[in-house]
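K.L.:
To start, I am sharing the structure in question, which I have written as structure tokens.
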Amino acid sequence: MADKAGNVALVTGGGTGLGRGIAEALGAEAYKVVICGRRADVLDAAVREMEANIGGHFMAIPVNVGEPSSVEALFGEIESTFGRLDLLVNNAGIGAPAVPMEDLTFDQWSAVVSVNLTGAFLCTQQAVRLMKKQEPRGGRIINNGSISATAPRPHSAPYTATKHAITGLTKSTALDGRSFDIACGQIDIGNAATEMTARMSEGVLQPNGEIASEPTIPVSEVARAVVYMASLPLDANVLNMTVMATKMPLVGRG
């Protein structure tokens, strides 16, 4: 595995949950880590706490990943500060209310698509532009696909549709980037223990109509997997990896 000390990483949605866990793990490996998200106060607090916990170099930049001008400004600041970007982790994501498909509003659908899919595309687009021109050229992009990229939960059409689309974006980026030393892979995560999955222990709707509790895994295990993917030299790539709670209902979905 290659030594990545001093490399520059960007983690979207890096102020809380999985994103923060991934950012902290990369910082512990001596990456210079930029985290972005909508809430400046949350990002700033995360940077202070991570620097207190492990030291390292962290930077917070507020951004709306669904807005082209906001994403362009984000990457402009990264380029002006560091001169390059070695790793992009497209982690930012939101869900919609778990209601029957016909009860979703257009605005609810659009919000999920804007963050989960358009945001990942816009960040990938800017990362590719920078990675192509920097010296040495190239870099790595890791997309958070979620196990919903493979199998849906009930009442999850917007989230599931965007995560299936992330698989297509991952493969297209891997194909279009390989001539420029840009590697792209996807990590599909099942039931990592964050605020978003706290309800798992209380019980969630299953395809058979039952409410059942589900096991979770620590965020640190997911972060360790991302660090492994990022640690490879650019002539090696994990195209797709699934990290999940062993006993969760994925295979057959219950």
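K.L.:
Any chance you could count how many residues in region 125-154 are of a type in the set (A, V, I, L, M), out of contact with any Gly (no Cβ under 8 Å at 6 or more places or on another chain) and not in a helix (DSSP H, G or I)?
P.N.:
1
K.L.:
When you scan region 62-72, do you find a residue that is among the hydroxyl-bearing types (Ser, Thr, Tyr) and part of a helix (DSSP H, G or I), even just one? Break it down into steps so the answer makes sense when it comes.
P.N.:
As a first pass, look at region 62-72 and keep what is among the hydroxyl-bearing types (Ser, Thr, Tyr): 69-70.
With the extra rule that they be part of a helix (DSSP H, G or I), the set shrinks to 69-70.
Yes: region 62-72 contains one or more residues that are among the hydroxyl-bearing types (Ser, Thr, Tyr) and part of a helix (DSSP H, G or I).
K.L.:
Which condition number in (1) more than 19 Å from residue 224 (Cβ to Cβ); (2) modelled with pLDDT of 95 or more; (3) out of contact with any Phe, Trp or Tyr (no Cβ under 7 Å at 6 or more places or on another chain) is the one that residue 90 fails?
P.N.:
Here residue 90 meets the rest and fails (1).
K.L.:
Can you pull out every residue in region 107-136 that is closer than 21 Å to residue 177 by Cβ and aliphatic (A, V, I, L, M)?
P.N.:
Residues of region 107-136 closer than 21 Å to residue 177 by Cβ: 116-136.
Correct list: 117, 120, 122, 127, 128, 130, 131.
K.L.:
Okay, next question. When both residues are 6+ apart or on different chains and their Cβ atoms are under 6 Å apart, which pairs have a first residue that lies in region 88-110 and is among the hydroxyl-bearing types (Ser, Thr, Tyr), and a second that is modelled with pLDDT of 95 or more?
P.N.:
none
K.L.:
Failed condition for residue 6, given (1) in contact with a strand residue (DSSP E or B) (Cβ under 8 Å, 6 or more places away or on another chain); (2) assigned to a helix (DSSP H, G or I); (3) surrounded by fewer than 24 Cβ atoms within 10 Å (Cβ to Cβ), with all others met?
P.N.:
That leaves (2) as the condition not met.
K.L.:
Then there is this: Taking only pairs six or more apart or across chains, which ones have beta-carbon atoms under 6 Å, a first residue in region 31-50 that is closer than 20 Å to residue 79 by Cβ, and a second residue that is among the small types (Gly, Ala, Ser) and part of a helix (DSSP H, G or I)?
P.N.:
Within 6 Å, the pairs are 33/23; 33/27; 35/23.
K.L.:
Looking at (1) modelled with pLDDT of 95 or more; (2) crowded, with 21+ Cβ neighbours inside 10 Å; (3) among the polar types (S, T, N, Q); (4) closer than 23 Å to residue 16 by Cα, which is the one condition that is false for residue 173?
P.N.:
Unmet condition: (4).
K.L.:
Which of the residues that make up region 207-226 are touching a helix residue (DSSP H, G or I) at 6+ places or on another chain (Cβ under 8 Å), surrounded by 14 or more Cβ atoms within 10 Å (Cβ to Cβ), within 20 Å of residue 251 (Cβ to Cβ) and not hydroxyl-bearing (Ser, Thr, Tyr)?
P.N.:
214, 215, 222
K.L.:
Would region 16-28 turn up any residue that is in a loop (DSSP other than H, G, I, E, B) and surrounded by 16 or more Cβ atoms within 10 Å (Cβ to Cβ)?
P.N.:
Of all residues in region 16-28, those in a loop (DSSP other than H, G, I, E, B) come to 16.
Narrowing further to those that are surrounded by 16 or more Cβ atoms within 10 Å (Cβ to Cβ): 16.
Yes: region 16-28 contains one or more residues that are in a loop (DSSP other than H, G, I, E, B) and surrounded by 16 or more Cβ atoms within 10 Å (Cβ to Cβ).
K.L.:
OK, next. Could you list all residues from region 141-157 that are under 10 Å from the mean Cα position of the chain (by Cα) and of a type in the set (A, V, I, L, M)? Before the answer, list the steps.
P.N.:
Initially, region 141-157 is screened for residues under 10 Å from the mean Cα position of the chain (by Cα), giving 141-146.
Those that are under 10 Å from the mean Cα position of the chain (by Cα) and of a type in the set (A, V, I, L, M): 141, 142.
K.L.:
Another one. Considering only residues that are farther than 18 Å from residue 6 by Cβ and assigned to a loop (DSSP other than H, G, I, E, B), look in region 221-242 and name the one that is farthest from the chain's Cα centre (by Cα).
P.N.:
Checked region 221-242; the qualifying residue farthest from the chain's Cα centre (by Cα) is 235.
The values are calculated or read from the model by the stated rules, or taken from the named source; none is laboratory data. A quick note: this is a predicted structure, and the numbers were derived from the prediction, not measured. Ideal geometry is used to build each Cβ from the backbone, glycine not excepted, and the neighbour counts take in all protein chains shown.
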